[in-house]
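Notes follow the structure.
All of the numbers you see were taken from the coordinates with simple rules; none came from a lab. Note that the coordinates shown come from a computational prediction; the quantities given were computed from them, not determined experimentally. FYI the Cβ positions are ideal-geometry reconstructions off the backbone, even for glycines, and counts take in every protein chain you see.
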Amino acid sequence: MKIKITAALLLSMLFTVSCTDLDEQLYDQVEDGNFGNTTKEVDALVGGAYSSLRGFSDAISNNFPTCEYVFFLNEVVSDEATIPTRGTNWYDGGQYQDAQRHTWKADNRMILSAWRYNYTGIAKINAIIYQINKSSLSETAKAPIFAELKALRAYYYYNLLDLFGNVPIVTNFEDTDLPTNSTKKQVYDFVEKELTDAIPYLTSNVVYSKLTKNVAYSILARLYLNSQAFIGTARWQDCIDMCQKISGYTLTPDFFANFATENQTSTEIIFAIPYDSKAGTVGNYMNSMSAHYNQKLAISAIGNYPWSANGMCAQPGVYSAFADTDKRKKCMLQGDQINLATGSVIMMDNGEPLTYTENLTSLTDAKENEGVRLAKYEMKAGEQWERDHDFVLIRYAEILMMQAECYVRLGSPELARPFLQLVTARAGEEMPAAIDLDFIDKELLKEFAFEGRRRTDNIRFGTFFGEWWEKGTTPAYRAIFPIPSTVLTTNKNLKQNPGY
Amino acid sequence: MNSKNTKGVLHQMWTAKGAVLLIFMLFLSAGIFAQGKKQVSGTVYDNTGSVLPGASVIEVGTKNGTTTDFDGKFSLQVAVGGAIEVSFIGSTTQKIQITANSNNIEVRLQNDGYALAEVQVVSVGYGKVKKSDLTGAVSTVGADDLVKGTISSTEQVLQGKVAGLNIIRPSGDPAAGSTIRLRGGTSLTASNSPLIVVDGIAGVDINVVQPADIKSVDVLKDASATAIYGSRGANGVIMITTKSGTKGVSVTYSGLSSVGYVTDNLDLLSANQWRGYVRQTNNMDAVDYGGNTNWQKAIEQTAISQSHTLSINSGKADSGFRTSISYLNNEGVIKKSGLERISGNVSGYQFLGDNKEVKFDMGLFANIDKWHPIDYRIFERAYNLNPTIPVYNEDGSFSSVTGNIYQNPVEILTNRTFDNERHRLLGYFKTEVKFLKDFTATANISLEHNAVKGGTYKPSYAVMEGQTEGGFAQRSYAEFTNAQGELYVNYNKVIGKHNISALAGYSYLENIYEGFGAQRGGFVTDAFSYNNLGAGYNYRLGDVYSYKGKSNLVSFYARANYGYDGKYLLTATVRRDGSSRFGENNKWGTFPSASAAWRISNEGFMESSKGWLDNLKLRVGYGVTGNQDGIGEYKSLSILGVGNDSYYDPITKTWSLAYSPKQNPNPDLKWESTEQINVGFDFGLFNRITGSFEYYSKTTKDLLYTYEVPQPPYLVGTMLANVGEMSNKGVELTLNADIVKGDKFNWNANLTLGHNVQKIEKLSNPTYKTDVIYSGSLHGLAGMSGQYSQIIAEGYPVGTFWGFKNAGLDADGKIQYYNAANEVVAESALVDADKRDLGNIQPDLTLGIGMNFTYEKFDLGISGYGMFGQKALNATNMMLNDPNRLPAFNVPDDFLSSGITSSPKYSDYWIEDASLFRIQTVSLGYTLPLKYKNSKVRFYVMGENLFVFTSYKGVDPEIGLNAQDGINQTGKMDTTGLAAPGIDRYNNYPRPTTISVGLNFTLNN
């Protein structure tokens, strides 16, 4: 009897103390069900959609950690820039050499990074839409928020259309089924419809860095400008019409005001990704990816400038394409680099002077000092690794140039003149007597050098498929990139782009 | 029950324990005397005076009997006037008459000789068993056999001592720990370190216990032994039993002073060799800075170390205590590095009750570490810098030559302040109550607390971050609390030849981690160091942070043992674990095991072999264990958090923080489970040789890995999931021989051998498809961004080097390669399909060997360990043999004669055999007996790391098994995952050779 009582008591004791509650308690994060109910919380969610424009760095794409994913890829395969191998540096499995020669393979990590940059942005927006949909906001309050988010998502899909063509369209966060490809035409239609549907809800005001009506018009204008390249149907007039809806912007008198540290005050920038060192925004250091290690001595007498990597430079021929009178030529560093402390030329580690040359020995074995360097954005002493200048995505000069190009293509080059005049006058250049497509192409190079959009222009003008420095002819299928190999491995529903 | 805070939980546990105690007391005091009989109790000792557990005590002429417990104590109802017979295998039997006055009987059995090892008691988790009754694979190391010397981290005492247990120190930094691997490791991402159990408290930091406080270490190796630890048992369990009051009174001291120095540096060009090269090649651009510097030596120092331990022990029949205090100050051979530790330990026990029914045990361990982490970037710079650059300019300031990865490493070491401090505390209180004759209930409450605080200052004149930030200060604080409560009941019964025991228990564990920190740059003066962060004016988002997280683990466990006549032994265990870290769909896991042993030598038909075969036992076991370490908190949930995701509000022109989804939620997340079969033999021969042989085969399923998932549809590109399968198979041999046993001269030798074969069996399942995972990242090395050197793929072990096979140099000094068809081709002709298996980092054989000689008062000990067959990528060498380096960057001596003209490219040209045998310690001692009560003094000299036999060309072949960057900048080992094992890349903190003198004395009273 006693045994039983004791045993029973003992057992009951065991279960009284049995805490079997295994729910996780969160302290410094919130579960998705508990967020998005106040205006502030909604703002913080929508803000996340914009911050994803800056990109990210993780173990898969241990590459450049920012929005430059798309920037670098578009530049390096164009006739504008190159990343030569310098001795040991910048070989990295041959990914840049392949990009220059247009022999890239599906496992090229730059391509994977561009893919993941866009789809991460899309997935994040899908998650935010799902989150806000669950919130207690009224449907009328939700509508403009959804429009803004979907228009931003359409920007990512525009990038994907341009880069990869036949990409899957995913819009529902809860749907984790592995998607299949959509055709280029389907993606094109999707981008057009999403933007068109969103426009009535978007603000008509000029609001810096937000997806406004003007931004949506600009993306649509880009879509129509490249319509022939994307889907084989020219829509030059639609592009002009869209450009004409854009209002509230003027060219800044100083070209470089668009690339200054405080470029958010520019009257020309339509869409940009804001950066601020105090806000801890990481990335946007393409100057550092280009300048020589010792360039810092030309920026600060005590070398107070972040590390630079001596990588990307202009292709031979780009620097000399600018007239010496062209104010925009200063977007590159050429010649002797002067040590601010000594007043003499900076020495490289190997004892040779740091003098940037336009020509390079070769793509596979360039010298440390070869190639002129990108310096479009301001470089200043004391700058933090986290940069302050905003990354410009769309500026008003592009709207002018689009209209000019479309008029030339429609056979009315004289209608293009007033638009072009604005651009060339600021640069200090003369207008030619007759305006042709070749002039437009050269002007696009000079106006938008190293702004991450040259590949698309090369494709539209057809130069992409011809020969240039360290590159033979390019087959037509390479107008779009292959779907990254690891994406195909993990999603067997996807088909590789034709030709690859 | 509400688990909102630890206090509440602990409070409830205390209350519960109190109630249980009360019930037992009431029950006992109700009286258990029977008419005409008497309760007698006593203690049984062996001939050395140690308590003897498991001795059989039987009332003569009856079947009434019991066995002594692990304190050698027994209690039995015996008829007054009768007698008891006390016996133990290998000992003479004693008969004792029981009178009305008999109580607290002390019995001393005379030992026949051989059975000492059999008497050994082994901790198996929630109880102990005699070694002879073990059915699982367990290795035991006693205090005398632990590695001695300049020990900075407690696991070092086991190096080479246990077959199948590899302890690898990737660095000679006193502040760095080791990687511990038992039987090859079972996980890709999760910790592969065994569970550490100190005095029954599971999951604690091994360094909470100092080597001098260790009484014995039991290593549970197979699943049948570790399954009692369920979801934490897959990597084996190291059970540490600390010293507690033993009979008598004694004061002991042990002390050691040592000198450590670096014996192996890379052979790089000296200033004169460099000048010779420049003259020969007539290099006009080369800059001679006029100095003569060996940059490796410039960052090194002779390390002076000392350690002292003092302890007091007092033990009586009913109670005992022990206290110890120790201090160590181990300097590192790299300037500024080192470890200072002060630690204390108090433990005691007390019996209560007429028949000692209740026993209280308590222990408190505390220590404080202070160290100054060094910046590991100095090594690469020491290899890079031109040897003609002097360390100091003529005015005494540090020389500074601009260049890429070219900062003066001595300046880096000198001009920065890194002060770290760690506090460790472990306390426990254990109550054991005997009731109903055969039952013992145990309640054990413990708390472990581990806190680290850090302070960093990089003054405005210090290169790199100091200058760019205008002075940069950082403070950090992190703490970890591990609160546990255990309640379990043991049952022991001997019925004739049947020996039955059982265990059932419950445990609750709660881990809380939290911390905060802040950093600022921009100081007007460097006077404040890190003590006044408010004085910095540069402030960025992310400069302040705090965090907190919690997990808990709830477990029920049971074990049953049955033995018949000491010949046939069976054990079965089961544990059910519930963890908050697991996903919603897999909160609970069950981990069973069963094992059996047969003592063949006790069979009648073995009678004829008695002359030479002392013991022969066959063991077979099977079990399932888990590993849940790879799952961090909250990994299964869909959560929103703030990262560096700030966004700009153009209306207010301010920045705010965005909230973003952080991970792909995985509600199916669960532990990795390892099934293991173990077959073992234990044997004893000629009264001289003992040993055991083990064969095991284990398969780990549901491998946790951060798998790449397709985007779209997933939010982020990776997801922690249970997918793959890995196997480890191997054999182990342990031998111990008393080669010479004499009055004056003794010679003992021991040997451990382990062989393990690892293979990834699967990497995909219906949801996750992975052909291959690239690992062994070379990212960060020049020209190797995003490049990998290893693969994790089906059919290969972890750490398989995958790349091109070289065909030597051609006439121009270009490295040539083999293509897939084994034709010699140039680098430019290589395609991916030419890559192949280039060997792996897994050793084929691990070996530990020790010999001890005593001649009268002298003793000599030698120990060594080895690992054979493993490959290592000498990435340091690969990067240094670069024709682009000279004249600005230094190169190895060999480079000039090698004629290499190819830029560094990963291939097997740079993969080396990293087999090694290290003479770990050699010690010579002299023991002087003192006249006073068996007291004695021992003096000794000792050499550590005296020699390494290896063909490896780098600084040291012993490279971290999972050191992506070896050790991170705070000097902390990365103990999880197998990201980039076996790669030597600029991070070789040299291992010192150390000579020490020591003194031990024991004063008995």
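Using only Cα atoms and rounding to the nearest 10 degrees, what angle (0 to 90) does helix A:2-16 make with the longest principal axis of chain A?
So the inclination is approximately 30 degrees.
Rounded, prolate or oblate: which fits the range A:144-200, taking a ≥ b ≥ c as square roots of the Cα gyration tensor eigenvalues, rounded meaning a/c under 1.5, else prolate when a/b beats b/c?
Oblate, because a/c is 1.5 or more while a/b does not exceed b/c.
Would you please calculate the Kirkwood hydrodynamic radius of the range B:354-502 over all C-alpha pairs and express it in Å, rounded to one decimal?
Numbers: mean 1/r = 0.0480 Å⁻¹.
By the Kirkwood definition, the hydrodynamic radius is 20.8 Å.
Would you please name the GluC sites (Glu not before Pro) within the range A:444-474 that are DSSP coil residues with at most 14 other C-beta atoms within 10 Å of their C-beta?
A:Glu467
Once you wrap a convex hull around the alpha carbon atoms of chain A, what is its projected area averaged over all directions, in nm²?
In nm², the orientation-averaged hull projection of chain A is 31.4.
Under a cut-off of 17 Å between alpha-carbon atoms, report the lysines in cross-link reach of A:Lys105, not counting same-chain residues fewer than 8 places apart.
Correct list for A:Lys105: A:Lys471, A:Lys495, B:Lys835.
Can you give the charge dipole size of the protein assembly as shown about its Cα centre, rounded to the nearest 20 debye, using +1 on the beta carbon of Lys and Arg and -1 on the beta carbon of Asp and Glu?
Details: 137 positive and 154 negative charges, 995 e Å.
Roughly 4780 debye, rounded to the nearest 20.
Taking the Cβ of B:Gln519 as the centre, find all other residues whose Cβ is under 10 Å away and add up their charges (Lys, Arg: +1; Asp, Glu: -1).
Working: positive: B:Arg475, B:Arg520, B:Arg540; negative: B:Glu469, B:Asp543.
Local net charge: +1.
Counting only pairs 8 or more residues apart or on different chains, how many lysine pairs in the range B:587-725 have their Cα atoms under 15 Å apart?
Working: B:Lys587/B:Lys635; B:Lys587/B:Lys670; B:Lys635/B:Lys662; B:Lys635/B:Lys670; B:Lys670/B:Lys701.
Count of close lysine pairs: 5.
Given the pairs B:Lys131/B:Lys316; B:Lys215/B:Lys297; B:Lys430/B:Lys493; A:Lys184/A:Lys376, which are separated by over 30 angstrom at their Cα positions?
B:Lys215/B:Lys297; A:Lys184/A:Lys376
For a quick check of your reading of the filter: which chymotrypsin sites (Phe, Trp or Tyr not before Pro) in the range B:907-960 sit in a DSSP loop and have no more than 15 other Cβ atoms within 10 Å? Write out the running numbers ahead of the final one.
Numbers: sites: B:Tyr909, B:Trp910, B:Phe917, B:Tyr926, B:Tyr932, B:Phe939, B:Tyr940, B:Phe947, B:Phe949, B:Tyr952; in loops: B:Tyr932, B:Tyr952.
Here the sparse-neighbourhood loop sites are B:Tyr932.
Rounded, prolate or oblate, given the Cα gyration tensor of the protein assembly as shown, with a/c below 1.5 counting as rounded? Please list the in-between numbers first.
Working: a/c = 2.38, a/b = 1.80, b/c = 1.32.
In terms of gyration-tensor shape, prolate.
Along the charge dipole of chain A, which of A:Pro316, A:Asn166, A:Phe450 sits closest to the positive end, that is, farthest toward it, with unit charges on the beta carbon of Lys, Arg, Asp and Glu (+1, +1, -1, -1)?
Of the candidates, A:Asn166 comes out farthest on the positive side.
Quick one: what does P(r) look like for the range B:548-683 with 10 Å bins over all Cα pairs, in whole %?
Cα pair-distance distribution for the range B:548-683, in percent: 10, 24, 19, 16, 12, 9, 5, 3, 2, 0.
Picking from B:Gly363, B:Pro387, B:Gln407, whose Cα lies most toward the positive end of the charge dipole for the range B:337-410 (charges on Cβ: Lys, Arg +1; Asp, Glu -1)?
Value computed over the given set: B:Gly363.
List every residue whose amide H lies under 5 Å from the amide H of B:Ile105, counting only residues 5 or more places away in sequence or on a different chain, with H placed 1.01 Å from N in the peptide plane.
B:Ser41, B:Gly42, B:Thr43
Using 1/(1 + (r/R0)^6) with R0 = 45 angstrom and r between the beta carbons of A:Asp28 and B:Tyr695, what's the FRET efficiency to the nearest 0.05?
0.40
Which is farthest toward the positive dipole end of the protein assembly as shown among B:Leu613, A:Thr364, B:Val262, measuring Cα position about the Cα centre, with Cβ charges +1 (Lys, Arg) and -1 (Asp, Glu)?
So the residue we want is B:Leu613.
Under the Kirkwood approximation for Rh and a Cα-based Rg, what ratio Rg/Rh is obtained for the range A:269-417? Don't skip to the answer; put the middle values down first.
Values: Rg = 18.2 Å, Rh = 17.4 Å.
Ratio of gyration radius to Kirkwood radius: 1.05.
Fewest to most neighbouring Cβ within 10 Å: what's the order for B:His308, B:His755? Don't jump to the answer; show the numbers that get you there.
Details: B:His308 16, B:His755 19.
Final ranking by Cβ density, sparse to dense: B:His308, B:His755.
Fewest Cβ neighbours within 10 Å first, please rank B:Ser187, B:Ser324, B:Ser87, B:Ser828 accordingly.
Starting with the residue having the fewest Cβ neighbours, the order is B:Ser828, B:Ser87, B:Ser324, B:Ser187.
Near the amide H of B:Asp614, under 5 Å away, which other amide H atoms are found, from residues 5 or more places off or on another chain, if H is placed in the peptide plane?
B:Gly684, B:Leu685, B:Phe686, B:Asn687
Could you give me the ³J(HN,Hα) list for the range B:832-838, computed from phi with Karplus coefficients 6.51, -1.76, 1.60 and θ = phi - 60°, whole Hz, x at Gly and Pro?
Each residue's phi maps through the Karplus curve to give 3, 5, 7, 6, 8, 5, 10 Hz.
Which angle from 0 to 90°, rounded to the nearest 10, does the C-alpha axis of helix A:109-134 make with the longest principal axis of chain A?
Here the helix axis deviates by roughly 50 degrees.
Name the long-range amide H neighbours of A:Val345: under 5 Å, sequence gap of 5 or more, or other chain; modelled H, no Pro or chain starts.
Excluding prolines and chain starts, which carry no amide H, the hits are A:Asn339.
If each of A:Ser362 and B:Arg836 carries a label point 7 Å out from its Cα toward its Cβ, how far apart are those two points in nm?
Label at A:Ser362, label at B:Arg836, 2.8 nm between them.
Find how many whole Å separate the alpha carbon centroid of the range B:747-763 from the alpha carbon centroid of the range B:328-401.
31
With an 8 Å cut-off on Cα pairs and a minimum separation of 6 or more residues, tell me the relative contact order of the range B:118-244 in percent.
Taking the mean separation of contacting Cα pairs over the length of the range B:118-244, I get 28 percent.
Which FRET efficiency, nearest 0.05, do B:Lys316 and A:Ala143 yield, Cβ-Cβ r, R0 56 Å?
That pair, B:Lys316 with A:Ala143, gives E of 0.10.
State, as an integer percentage, the relative contact order of chain B based on alpha-carbon contacts under 8 Å between residues 6 or more apart.
Here the relative contact order equals 11 percent.
Mark the label point 7 Å from the Cα of B:Asp893 along Cα→Cβ and return the residues of the range B:264-282 whose backbone N is within less than 20 Å of it.
Inside the label zone: B:264-281.
Among the aspartates and glutamates, select those whose C-alpha is under 16 Å from the C-alpha of A:Lys134, and discard any that sit fewer than 8 residues away in the same chain.
Within the straight-line limit of under 16 Å, A:Lys134 reaches these aspartates and glutamates: A:Glu31, A:Asp32, A:Glu41, A:Asp43, A:Glu174, A:Asp175.
Can you give the calculated 222 nm mean residue ellipticity of chain A, where each DSSP H run of n ≥ 4 adds -39,500 (n - 2.57) and the sum is split over every residue, rounded to the nearest 500 deg cm²/dmol?
-12500 deg cm²/dmol, from helical runs alone.
Quick one: Karplus J couplings for the range B:807-813, per residue in order, coefficients 6.51, -1.76, 1.60, θ = phi - 60°, nearest Hz, x for Gly and Pro?
Values, residue by residue: 10, x, 8, 8, 4, 8, x Hz.
Treating only the Cβ of Lys, Arg, Asp and Glu as charged (+1, +1, -1, -1), what charge dipole size does chain A show about its Cα centre? Round to the nearest 20 debye. Spell out each step's value before the answer.
Values: 47 positive and 60 negative charges, 162 e Å.
Taking the Cα centre of chain A as origin, the dipole is about 780 debye.
So for the pair B:Ala478, B:Lys933, with labels modelled 7 Å out along Cα→Cβ, what separation do we get in nm?
Output for this residue pair reads 4.8 nm.
Calculated FRET efficiency, A:Val345 and B:Thr901, Cβ-Cβ r, R0 45 Å, to nearest 0.05?
Numbers: r = 29 Å, r/R0 = 0.66.
About 0.95, to the nearest 0.05.
How far is it, in nm, from the label point at B:Gln110 to the one at B:Tyr547 when both lie 7 Å from their Cα along the line to the Cβ?
Output for this residue pair reads 6.6 nm.
Using Cα atoms only, what is the angle between the long axis of helix B:271-281 and the major principal axis of chain B, expressed in degrees (0 to 90) to the nearest 10?
Around 40 degrees separate the two axes.
Please compute the length gained on full extension between B:Val922 and B:Trp747, using 0.36 nm multiplied by the number of residues separating them and subtracting their Cα-Cα distance.
So the chain would gain 61.5 nm between B:Val922 and B:Trp747.
From the square roots a ≥ b ≥ c of the eigenvalues of the alpha-carbon gyration tensor of the range B:118-244, which class results: rounded (a/c under 1.5), prolate (a/b over b/c), or oblate?
oblate
Please report the projected area of chain B's Cα convex hull averaged over all directions, in nm². Kindly include the intermediate steps, with their values, before the conclusion.
Details: hull surface 189.8 nm².
Taking the Cα atoms of chain B, their convex hull projects to 47.5 nm² on average.
With θ set to phi - 60° and the Karplus curve 6.51 cos²θ - 1.76 cosθ + 1.60, what are the ³J(HN,Hα) couplings of the range B:323-337 in order, to the nearest whole Hz, using x for Gly and Pro?
10, 8, 9, 9, 9, 9, 9, 9, 7, x, 7, 9, 3, 6, 8
With +1 assigned to the C-beta of every Lys and Arg and -1 to the C-beta of every Asp and Glu, and no other charges, what is the dipole magnitude of the range B:118-244 about the Cα centre in debye, to the nearest 20?
Values: 12 positive and 11 negative charges, 33 e Å.
With only Lys, Arg, Asp and Glu charged at Cβ, the dipole is about 160 debye.
Loop only per DSSP, at most 13 neighbouring Cβ atoms within 10 Å: give me the trypsin sites (Lys or Arg not before Pro) in the range B:605-663, ordered by residue number.
Numbers: sites: B:Lys610, B:Lys617, B:Arg619, B:Lys635, B:Lys653, B:Lys662; in loops: B:Lys610, B:Lys635, B:Lys653, B:Lys662.
Hits after loop and neighbour filter: B:Lys610, B:Lys653.
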